[in-house]
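**Student:** I'd like to ask some things about the structure below.
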Amino acid sequence: MSHERSLGDKIKDTAENVKEKIFGKSREDYEVAADKAQAFSHKAAHKADEAQDLANAKIHEYSDEANEVRGQATQKIDELRRKGNAASKKANEVKNLTGEHLEEAGENLIAH
């Protein structure tokens, strides 16, 4: 009877077998899985940080480009405003000169 296992041993083995099927082979399996999950989590967090850094760099780049375009547009607007003011001044000068010539022409017609 020494070769036969006791009922308690059989129950214990069956319980271990069921436990392994449900939970895995051992606590070490859980620890390995947990370590792998933690390593994966750290790697994912690192990749997320890298992605955030790249996104921030792109935002900064686009912001710089937008500021440059805005600066160029402001310069062009100022240039056009100066040209418009100069053209308006010239038009007023021509208008005033034309008005004086018309007055002189009218006076000359009346005088003759």
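Readers should treat all values here as calculations from the given coordinates under stated rules, not as data from a laboratory. These figures come from a predicted structure and were not determined experimentally. As a convention, Cβ positions derive from the backbone with ideal geometry for all residues, glycine included, and neighbour counts pool all protein chains shown.
**Student:** Just to be sure I understand the model, the point goes 7 Å from the Cα along the line to the Cβ. What's the resulting Ile59 to Lys89 distance in nm?
**Tutor:** 4.6
**Student:** How far, in nm, would the chain grow between Arg70 and Ser41 when pulled straight, counting 0.36 nm per residue and subtracting the alpha carbon separation?
**Tutor:** Here the segment from Arg70 to Ser41 would lengthen by 6.2 nm.
**Student:** Could you give the semi-axes, largest first, of the ellipsoid that matches segment 7-82, computed as the square roots of 5 times the alpha carbon gyration tensor eigenvalues and rounded to whole Å?
**Tutor:** Semi-axes from the Cα gyration tensor: 68, 9, 4 Å.
**Student:** Something else about it: Towards the positive end of the charge dipole of segment 7-82, with charges on Cβ (+1 Lys, Arg; -1 Asp, Glu), say which of Phe40, Thr74, Gly8 has the farthest Cα.
**Tutor:** After comparing all options, I get Gly8.
**Student:** Report the gain in length on full extension from Asn96 to Asp9: 0.36 nm times residue separation, minus Cα-Cα distance, nm rounded to one decimal. Can you show the working numbers first?
**Tutor:** Values: separation 87, 0.36 × 87 = 31.32 nm, distance 12.03 nm.
Full extension from Asn96 to Asp9 adds 19.3 nm.
**Student:** A further question on this structure: When the dipole is taken about the Cα centre of segment 7-82, and only Lys, Arg (+1) and Asp, Glu (-1) are charged at their Cβ, what size is it in debye, to the nearest 20?
**Tutor:** Roughly 280 debye, rounded to the nearest 20.
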